[in-house]
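Below: one structure, written as structure tokens.
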Amino acid sequence: MTQKHSPQEKSQHVLDSSPGESKNVIEDWCTARSLPGYRSKQIHQYITEQSILDPSEMTSLPKGIREELSKDILASPLQIDQVLRSEDGTMKFLFRLQDKRSVEAVWIPTQDRGTLCVSSQVGCAAGCTFCATGTMKLSRNLRSSEIVSQWHMVDAFTRSEGKPGVTQIVFMGMGEPLHNYGPVSRSLKWLTSEDGFGMSPRRITVSTVGIVPKIPTLIEDHPQIRLAVSLHSAVEETRARIVPIQAQHPLSELRDTLSKLRNSVRRISLEYVILPGVNDDIQEALALASFARKCHGHINLLPFHPFEGAPFQAANEEDVERFREEVSQHYDGQVTARRSRGLDIDGACGQLALRSESPPAS
Ligand code: SF4
């Protein structure tokens, strides 16, 4: 059942309901304004058939309806506040939310593709010690409309410059997606379902730092997506230093859960930020190889992006290669090392939002 609203009452954004419920939300909105039935059909078609979310582009609607929509169920949930461009083509978008909080999304081009890293929360409660967002603490969860709009705006922005738009999405920006499961799951439904925007779920990766009880739910609800697990160490004591959430969700539970799911997930990648002197010795390499064998994970070694006050140094390329070789000697699966992108524009997640943080509207 959807709630009835008087015309004066502001309603939630259409994208905050599920794709299946959205028709009713629009119908109710039109009924409350005594609009003829075909109007709701037109609005719904604009959204789901043409991916139009901006009422000003719904040109077959009367101006008055467009204006009302843009103040109500299609009010833009965020605005692009800044765009930073890296020499390597990477672009970082700082979005201003309606309550004046900020989140980031990063667009990374590779040949004919554009990968967008979206945020799922303002700040993060996980507190990983190598992460700028982790120093912000959690401010609030993002709504589904705020997550989907990051994709929609960056896709339009990059296409308008003749670039490939957004062809892949990774939920690796600010926030722990599985700490905000409802809106994240709804946003995945909008992005991938036929009554949403129809993107292939195989082009979407959801990353988690290891919120163990929610991982099977995610895979059950979205079996075609890719799963990335931010591991960063497969040694209990080391991981506890880097990833405090380890105290609530121990490595052994994470390993057993991933091992059970390994045949039902399209791909599990194990993300591993190299922190020199912390998680890059031979014992760590052996533990990582052993962990990956249990879940058939693709190991992805990542550079650390330093930020002000960070307690770690960045590894040089030789150190990363040495660790990659050590792990590869003990693991037959894929072990790759990703290069830094966008370092000249505060490449690490959360850095820009951290600097431009402004007090929320009360
Ligand atoms: S790495 Fe991810 S989960 Fe950890 S603090 Fe940063 S945003 Fe949160």
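Take the residues in the stretch 113-147 that are assigned to a strand (DSSP E or B) and either near the ligand (Cβ under 9 Å from one of its atoms) or among the aliphatic types (A, V, I, L, M) (or both); name whichever of them is farthest from Arg341 (Cα to Cα).
Step by step, filter the stretch 113-147, then rank; the result is Leu138.
This table checks each residue for (1) at pLDDT 95 or above; (2) buried (at least 23 other Cβ atoms within 10 Å of the Cβ).
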| position | (1), (2) |
| --- | --- |
| Asp88 | no, no |
| Leu97 | yes, no |
| Lys100 | yes, no |
| Val103 | yes, yes |
| Thr110 | no, no |
| Val118 | yes, yes |
| Gly127 | no, no |
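Inspect all residues belonging to the stretch 185-197 and state whether any of them is out of contact with any Gly (no Cβ under 6 Å at 6 or more places or on another chain), in the same structural domain as Pro244 (by TED's automatic domain parsing), modelled with pLDDT of 95 or more and within 20 Å of Ile299 (Cα to Cα).
No, the stretch 185-197 has no match at all.
Restricted to the stretch 133-145, and to residues that are of a type in the set (A, V, I, L, M, F, W, C) and surrounded by fewer than 24 Cβ atoms within 10 Å (Cβ to Cβ), which residue is farthest from Asn279 (Cα to Cα)?
The extreme case among them is Leu138.
Which of the residues spanning the stretch 166-205 are touching a Pro at 6+ places or on another chain (Cβ under 6 Å), more than 14 Å from His222 (Cα to Cα) and within 13 Å of the ligand (Cβ to nearest atom)?
Once the filter is applied, which keeps residues that are touching a Pro at 6+ places or on another chain (Cβ under 6 Å), more than 14 Å from His222 (Cα to Cα) and within 13 Å of the ligand (Cβ to nearest atom), the stretch 166-205 yields nothing.
Touching a Phe, Trp or Tyr at 6+ places or on another chain (Cβ under 8 Å) and surrounded by fewer than 20 Cβ atoms within 10 Å (Cβ to Cβ): which single residue out of Ile80, Ile73 fits that description?
Only one candidate passes the filter, namely Ile80.
Let's see how each residue does on (1) buried (at least 17 other Cβ atoms within 10 Å of the Cβ); (2) within 21 Å of Arg255 (Cα to Cα):
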site	(1), (2)
Ala285	yes, yes
Pro303	yes, no
Phe307	yes, no
Pro311	no, no
Ala314	yes, no
Ser328	no, yes
Tyr331	yes, yes
Ala337	yes, no
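Quick one: Gly277 ticks every box in (1) free of Cβ contacts under 8 Å to residues at least 40 places away in the same chain; (2) under 20 Å from Cys128 (Cα atoms); (3) part of a helix (DSSP H, G or I) except a single one, so which number is it?
(3)
For Arg267, which of the numbered conditions (1) among the charged types (D, E, K, R); (2) farther than 13 Å from Phe291 by Cα; (3) at pLDDT 95 or above fails to hold?
Of everything listed in (1) among the charged types (D, E, K, R); (2) farther than 13 Å from Phe291 by Cα; (3) at pLDDT 95 or above, Arg267 misses just condition (3).
Among the numbered criteria (1) over 14 Å from Ile225 (Cβ atoms); (2) in contact (Cβ under 8 Å) with a residue 24 or more places away in the chain, which one does Ala156 miss?
Every listed condition holds for Ala156 apart from (2).
Restricting attention to helices (runs of 4 or more DSSP H) lying wholly within the stretch 206-272, give those where 2 or more residues are among the β-branched types (Val, Ile, Thr) and more than 16 Å from the ligand (Cβ to nearest atom).
Correct list: 215-221.
Could you grab the pairs with beta carbons closer than 6 Å, sequence gap of 6+ or different chains, first residue in the stretch 96-123 and over 13 Å from Gln79 (Cβ atoms), second one part of a strand (DSSP E or B) and polar (S, T, N, Q)?
Ile108/Thr115; Thr115/Gln168; Gln121/Asn141; Val122/Ser139; Gly123/Ser139
The values are calculated or read from the model by the stated rules, or taken from the named source; none is laboratory data. Remember, it's a predicted structure, so these values are computed and weren't measured experimentally. Virtual Cβ from ideal backbone geometry, glycine too; neighbours counted across all protein chains shown.
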